[in-house]
Amino acid sequence: MLLFLVIPLLFVTGTESSAPLLQTEDIIPGQYIVKIKSHDLVSEFREKMAEQSLKSMQSYGGIGHVKLLFSLEADPTVLVFELDYKSLTLVLSHPAVDYVEEDGTNQPDDDIIEHPDTYLQTQPPSNWGLDRINQEESTLDRNVSFFGNGFGVNIYVIDSGINDLHRDFECRALKAFDVFGSDGRDCKGHGTQVAGVAASKTWGVAKAASIHSVRTLDCRGIGRTSDMAAAIDWVTANAKAPCVATLSFSRKTSSLTIDNAVKGLAESGCLPVAAGTNNVQEVASDFNACTRSPARSPYAITVGAIAWSNDEKASFTRFGVCLDIFAPGHFIRTTSSDGNYVTASGTSLAVPFVAGVAALHLASGMSTQDVRKRILEDAIICTIPDAGKGSPNRLLYTEPGAY
């Protein structure tokens, strides 16, 4: 995992006398994430920007556009601004600034592929993922029970929202935070599917855990880097312990802002579980999970997906040293946002299997550090025929309950 530090973060521009500008793909024109070097410099910097903002409104000022959109709660050294070229130059030259990152759009783990119900007649048992993770052999034994149920643990699903009224959540799902200031409704469906694998009554691992919706993706499944960081930061500031968080989303590039937010989340005592992400572009050089955030974060458990047949790595999942473990992610039955159920595939759905198992362990009183260690140590090794270059050959395992 430490190898990710030598991978280029983003395109970087800057001079010796100015802070670096971290460039990205799918930029939001004129919107930037500004990182201040330390907490004691934030007030002075904000006062300076407020002064420049007032000047920008004067016809004689000659100062560029400056508008503070918001700052993070747990980490107030991160601020999001609207800036034009003049004001960007001013910000980059300010001695309090550590770096500036272009804000951009991100999306759920290159999205989940839904399958018609007719697939169920010829494809694996609908609960094969639950069946696979509680046994060491690949031949399914139809035991889908687990030792424990996650009662008392809080699972934060940072995603597109959750249909909290779905009958399979049994009133255990709550709308916690919505970056859009809306009601947290899942108009995309992605978040409800992830939550269903983590903790729904029928298809979930931790069937008694509390589920908290943290919405950061819109109805198209699209979100901003700044909003994703804000959602992670909100969990850092407000989560109830014990806590695990699912991060089934991806940037097309790495993001230092998201990496730092995941680090803060982990250090707060909440366990982040991130998607190794899908590759839908079929570009071999782009299959490495270390090129994406939050997949590359060493503070998260980063998950790849296996297919239902012979423990093979799913064709769509990425590989590399930034992965920590694999879990089922192919033809997974779960909850849907319309109140029904759906069969779907995607690395996004491998994440909640791991988050659910983490919840089982957290419910027993283990610390998040010990849970991470336990998950990796309990994993079935050398069962994936070709895990991909640099990938750990580990498959998720947890103790079965009574059959």
Residues of the range 178-226 satisfying the condition of being part of a strand (DSSP E or B) and crowded, with 18+ Cβ neighbours inside 10 Å: Ser210, Ile211, His212, Ser213, Val214, Arg215, Gly223, Arg224
Single unsatisfied condition, Arg292 versus (1) modelled with pLDDT of 95 or more; (2) within 24 Å of Val235 (Cα to Cα): (1)
Residue within the range 267-276 that is surrounded by 24 or more Cβ atoms within 10 Å (Cβ to Cβ) and part of a helix (DSSP H, G or I) present: no
Enumeration of residues in the range 343-371 that are surrounded by fewer than 24 Cβ atoms within 10 Å (Cβ to Cβ) and part of a helix (DSSP H, G or I): Thr368, Gln369, Asp370, Val371
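Inspect all residues belonging to the range 155-163 and state whether any of them is farther than 21 Å from Ala274 by Cβ and either surrounded by fewer than 23 Cβ atoms within 10 Å (Cβ to Cβ) or among the polar types (S, T, N, Q) (or both). It would help to see each step written out before you state the result.
Filtering the range 155-163 down to residues farther than 21 Å from Ala274 by Cβ leaves 163.
If we keep only those that are either surrounded by fewer than 23 Cβ atoms within 10 Å (Cβ to Cβ) or among the polar types (S, T, N, Q) (or both) as well, we get 163.
There is at least one residue in the range 155-163 that is farther than 21 Å from Ala274 by Cβ and either surrounded by fewer than 23 Cβ atoms within 10 Å (Cβ to Cβ) or among the polar types (S, T, N, Q) (or both).
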Check on Phe81, modelled with pLDDT of 90 or more, buried (at least 18 other Cβ atoms within 10 Å of the Cβ) and within 29 Å of Lys252 (Cα to Cα): yes
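The values are calculated or read from the model by the stated rules, or taken from the named source; none is laboratory data. Everything quoted here is computed from the prediction, not taken from an experiment. Reconstructed Cβ throughout: ideal geometry from the backbone, glycine too, with neighbour counts over all protein chains shown.
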